[in-house]
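Just below is one structure, and these are the notes that go with it.
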């Protein structure tokens, strides 16, 4: 694996299109060359190193076929730079800043970032959380005091017009943030069943929506209790603090339609915070194969 721990070293390694293409080839074909169309391992390589041909289906292709970079007119070195910036910056990067850094339009930068977030969203959330898992919910949206008087909701913490996000963190393990609809058992239970192992010990606050959990241990915040020995939800609440500062400080506003992509990208950075920049970059790059997000799919529909 190529090692780098700064932007200067990154540019020394991936400063040319050929270097980026060769590195992508090593990752995708680490178990040998194959055709992305039919899967055949009988592949001919053209002398320019950019084009390959399948001996079975006779189709020509580049190493970008079957990845999120397919059919993109953006050079690979700019894609690699975008991956570095979105993964190695603690709070990510906005499309306006990325457009200035890469010399592209804001619209193109926004689409690149959304395609990268979508790629990570389709790869995350595989192994159930186990051991001790803290659970809590938060609500993303503007402050009530900043709204017009006739648009405010009293005694609701903004729940009536904010987007709910369920947070689940395994002690000394992974973090999951999942956007959902109304806060009730019907919406919460399927998320917990998917992301948490049945024998896990769950710590929550006094919210009644978690009453159905037999393995639940609770701290009552209304009584001023925030910890009983190991039983606390302080860790997941600290995650929410970082998450909201990321949204407010970098993006300022995130729509309900795209919030889950931002949450998943935040989880990736959080779960890989103890690994090196080069290792995090490689982990992300390895997940760029598979279905790519189309622009018409991104802007249309819910």
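Going by the structure shown, is residue 34 farther than 24 Å from residue 107 by Cα and not in a loop (DSSP other than H, G, I, E, B)?
no
Which of the helices (runs of 4 or more DSSP H) contained wholly in the range 220-302 include at least 2 residues that are touching a strand residue (DSSP E or B) at 6+ places or on another chain (Cβ under 8 Å) and either crowded, with 16+ Cβ neighbours inside 10 Å or touching a residue at least 12 places away in the same chain (Cβ under 8 Å) (or both)? Full working, then the answer.
On the way: elements: 234-246, 259-271, 277-286, 295-299.
Passing ranges, in order: 234-246, 259-271.
Return the residue satisfying two criteria in turn: it lies in the range 187-210 and is farther than 12 Å from residue 168 by Cβ and touching a residue at least 24 places away in the same chain (Cβ under 8 Å), and of such residues it is surrounded by the most Cβ atoms within 10 Å (Cβ to Cβ).
Only one residue fits best here, namely 205.
Quick check on my filter: what residues within the range 123-140 are within 21 Å of residue 247 (Cα to Cα) and surrounded by fewer than 20 Cβ atoms within 10 Å (Cβ to Cβ)?
124, 138, 139
What about residue 142, is it farther than 19 Å from residue 273 by Cα, assigned by TED's automatic domain parsing to the domain that holds residue 233 and outside any helix (DSSP H, G or I)?
On the way: farther than 19 Å from residue 273 by Cα: yes; assigned by TED's automatic domain parsing to the domain that holds residue 233: yes; outside any helix (DSSP H, G or I): yes.
So residue 142 fits the description; yes.
Just the residues that are assigned to a loop (DSSP other than H, G, I, E, B) and either at pLDDT 95 or above or surrounded by fewer than 19 Cβ atoms within 10 Å (Cβ to Cβ) (or both), please, taken from the range 63-82.
Going through the range 63-82, the residues assigned to a loop (DSSP other than H, G, I, E, B) turn out to be 63-66, 68-75.
Matches in the range 63-82: 65, 70, 71, 72, 73, 74, 75.
Condition check ((1) modelled with pLDDT of 90 or more; (2) assigned by TED's automatic domain parsing to the domain that holds residue 191; (3) farther than 17 Å from residue 129 by Cα; (4) in contact with a helix residue (DSSP H, G or I) (Cβ under 9 Å, 6 or more places away or on another chain)) across all residues:
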site: 214; (1), (2), (3), (4): no, yes, no, no
site: 225; (1), (2), (3), (4): no, yes, yes, no
site: 229; (1), (2), (3), (4): no, yes, yes, no
site: 244; (1), (2), (3), (4): yes, yes, yes, no
site: 247; (1), (2), (3), (4): yes, yes, yes, yes
site: 250; (1), (2), (3), (4): yes, yes, yes, yes
site: 264; (1), (2), (3), (4): yes, no, no, yes
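Would you mind finding the one in 10, 4 that is touching a helix residue (DSSP H, G or I) at 6+ places or on another chain (Cβ under 8 Å) and not in a loop (DSSP other than H, G, I, E, B)?
So the residue among 10, 4 that is touching a helix residue (DSSP H, G or I) at 6+ places or on another chain (Cβ under 8 Å) and not in a loop (DSSP other than H, G, I, E, B) is 10.
Of the residues that sit in the range 94-110 and are touching a helix residue (DSSP H, G or I) at 6+ places or on another chain (Cβ under 6 Å) and in a helix (DSSP H, G or I), which one is farthest from residue 72 (Cα to Cα)?
Among them, the one singled out is 96.
The values are calculated or read from the model by the stated rules, or taken from the named source; none is laboratory data. Being a predicted model, the structure only gives us computed values, none of them experimental. Neighbour counts are summed over all protein chains in view; Cβ atoms, including those assigned to glycine, are modelled from backbone coordinates with ideal geometry.
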